[in-house]
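Okay, so here's the structure we're looking at.
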Amino acid sequence: MIGDTAELLVATETFYEAFAAGDVASKDALWAEHVRVTCIHPAQDVLTGRDEVMRSWRGILAAGDAQGFHCERPQAT
């Protein structure tokens, strides 16, 4: 489990780098495997469960929807 702000920001940066690169393997490594996960993409319903979340990311990344996307000045509270 992430214990401090610096680790959370590193995880966030890694998340968005994998997103921008279309890197499914890195994206897969970021999502928890042993606890329930959920995800909400803009203008979509809540996705529940790792399989459903990863299926959505594979579709998004395969479609190239992340090209040019980047995260600026991330913050953690």
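Worth pointing out:
- Working from Cα pairs under 8 Å separated by at least six residues, relative contact order for the chain is 39 percent.
- Simple rule: put +1 on each Lys or Arg Cβ and -1 on each Asp or Glu Cβ in the chain, find the dipole, and look at ALA25, GLN75, THR38; the Cα lying farthest toward the positive end is THR38.
- The charge dipole of the chain, taken about its Cα centre with unit charges on the Cβ atoms of Lys, Arg (+1), Asp and Glu (-1) only, comes to about 160 debye.
- Applying a DSSP loop filter and a limit of 14 other Cβ atoms within 10 Å to the GluC sites (Glu not before Pro) in segment 15-70 leaves GLU33.
- Sparse packing (at most 12 other Cβ atoms within 10 Å of the Cβ) combined with a DSSP loop state is found for the following trypsin sites (Lys or Arg not before Pro) in segment 3-77: ARG36.
- Mean shadow area of the chain, taken as a quarter of the surface of its Cα convex hull (nm²): 5.5
- Residue range of the chain that is longest and free of chymotrypsin sites (Phe, Trp or Tyr not before Pro) which are both DSSP loop and sparsely packed (at most 15 other C-beta within 10 Å): 32-68
Laboratory data are not the source of any read-out in this text; all were calculated from the coordinates shown. Given the structure is predicted, the values throughout are model-derived calculations rather than measurements. Positions of Cβ are generated from backbone atoms using ideal geometry, with glycine treated the same way; all protein chains shown enter the neighbour counts.
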